[in-house]
Each structure stands twice: as structure tokens, then as C-alpha cells.
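What follows is a set of notes on a single structure, which appears directly below.
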Amino acid sequence: MKGRILAVSESVKARRGYRSPLRAEQANETRRRVLTAARELFLARGYLGTTVVAVAEHAGVSPDTIYVSLGGKQGLLEGAWSLALSDLQDPAQLDPGDRDDVGELAAPHERLRRLVQLSCQTLARTSPIHAVIRGAADGHPFAADLRARVLGVRLQIQSGNLQTHLGSALRKGLRPEEAAARYSALLSPELYHLLTVECGWSPERYESWVADSLDRDLLA
């Protein structure tokens, strides 16, 4: 009898520990639908003008679902940013050229221009949600922290790219971290938004100006 009870107990534990792939997939689909709705409303109404209730209605879920899965409005903003990053890795949304290997280009000037091109493609997709985060950062410490983390990660990535693909081609006396700071400044979401949205530059004009400026400033 004791052995039978133990067997039943182990069977119950196994069932409790089981995670249905279908349920997990449905949860992921719901999460993406919620974050897509949040991103659309943030871009249309700003952070202050967007509510959890409005996002829930837009996504077709209950507000409780958002609070349980994402923790509320702050989680929606962080999730919307994560969604923008995940979309950058989606092959369906990338041009074939996006997967080119920068290292295959022989001349450092060509490699730099390719890096600038890829950075501009990223900015075109992410700068709108950057603007929402900047707006929220003025009155919400969590958003200011999120913005600092986002910018820190971006600088780290750009610094690694410059070190990998340019390295010794940098102008004599220019430290890699200084080169990365200058690169990051000219390819910041703030400057991209200022020139392409507020000043009316075309994305092509912005990319060309940044590439020319960095070519003169960074390379020997």
C-alpha cells in the first residue's frame, strides 16, 4: 500500500511539473499581442497618455492578465523595448543585406560605412520607442534607469563593433573607447530623431552625413 501511495504521489508531482508546449506557445502569443498593442499606443499617445486598461482593450485581454504577466505599465514599456529588439532579429523583417558580414569588406572605410548603415537601420526601427522612453524618463525614475541601461548596452555593442572591424585602422592617438563615444553620439536615437523627424532630413541624408563625419574623425 505504501508503495502504491508513493507511486501515486510521484505521478501527481510529474503532472504538476508538466508544462504544455501549446500553453506556453499561447502565452507567448498573448504576450506579444499585448506588447504590440502597448507599443502602438505608446507611440500614438505617449507614456502618460497610455493606460493598462487601454492596452488590455486593444490587445483583447483583461487588465489582470497584464498585471500578472508584466507587472503593469512599467513592464509594458520595458516589454515594448524588448519587442523592438527582438524584431531586429526576425529574419522576416530583415533585408538579405542585413546579414552581410562586415568583416568581408577589405577597406576600413567600407567597413565603417557598412557599420553606419546597419546602425541607421536599427535606429529607423527603434528610435520611436526610444522617444517614448525619453519622454517617460523626465518624471519616472524607472524610465530614466531603463534609458540609461539601453544607452549603456548600445555603447558597449558599438564599442565592440569598432574594435572588431576597425581596430588598428583608427586614427593615431584615438583610443577605442573615445572612438566608440563619438560613434555613439552621432548615431544616437536622439540625434536621429532630431534630424530625420524634427528637421525633416531623409534617412539617406542622415546616413551619408554620419558616415562622412565619422570617416574623417575616426580613420587614419
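Each reported figure results from applying straightforward, stated rules to the coordinates on display, with no laboratory input. This structure is a prediction, so every number in the text was calculated from the model and none was measured. Backbone-built Cβ (ideal geometry, glycine too); neighbour counts: all protein chains shown.
Cβ crowding within 10 Å, taken as a proxy for footprinting-reagent exposure, orders Tyr183, Tyr67 from fewest neighbours to most as Tyr67, Tyr183.
Report the calculated FRET efficiency for Leu194 and Thr51 (r = Cβ-Cβ distance, R0 = 35 Å), to the nearest 0.05. The value I calculate is 0.75. Karplus-derived 3J(HN,Hα) values for region 175-188, using 6.51 cos²θ - 1.76 cosθ + 1.60 with θ = phi - 60°, are 6, x, 5, 5, 4, 5, 5, 5, 4, 5, 5, 6, 10, 8 Hz; glycine and proline are entered as x. Hull volume per residue, based on the alpha-carbon atoms of region 147-220 and their convex hull, is 82 Å³. Counting beta carbons within 10 Å around each of Ile133, Ile66 and listing the fewest first gives the order Ile133, Ile66.
With semi-axes defined as the square roots of five times the eigenvalues of the C-alpha gyration tensor, the equivalent ellipsoid of the chain measures 42, 24, 16 Å, largest first. As a calculated quantity, the FRET efficiency between Leu43 and Ser168 at R0 = 45 Å, using C-beta atoms, amounts to about 0.60. Extension gain, Arg182-His109: 0.36 nm per intervening residue step, less the Cα-Cα distance, totals 24.7 nm. Per q in 0.11, 0.14, 0.21, 0.22 1/Å, what log10 I(q)/I(0) does a Debye calculation on the alpha-carbon atoms of region 94-220 return? Taking Cα atoms of region 94-220 as identical point scatterers yields -0.40, -0.64, -1.27, -1.34.
Ranking of Glu178, Glu40, Glu198 by neighbouring Cβ atoms within 10 Å, starting from the fewest: Glu198, Glu178, Glu40. Going by a ≥ b ≥ c, the root eigenvalues of the Cα gyration tensor, does region 23-70 fall in the rounded group (a/c under 1.5), the prolate group (a/b larger than b/c) or the oblate group? Prolate, since a/c reaches 1.5 and a/b exceeds b/c. Based on DSSP H segments of at least four residues, each scored -39500 (n - 2.57), the chain has a per-residue ellipticity at 222 nm of -24000 deg cm²/dmol.
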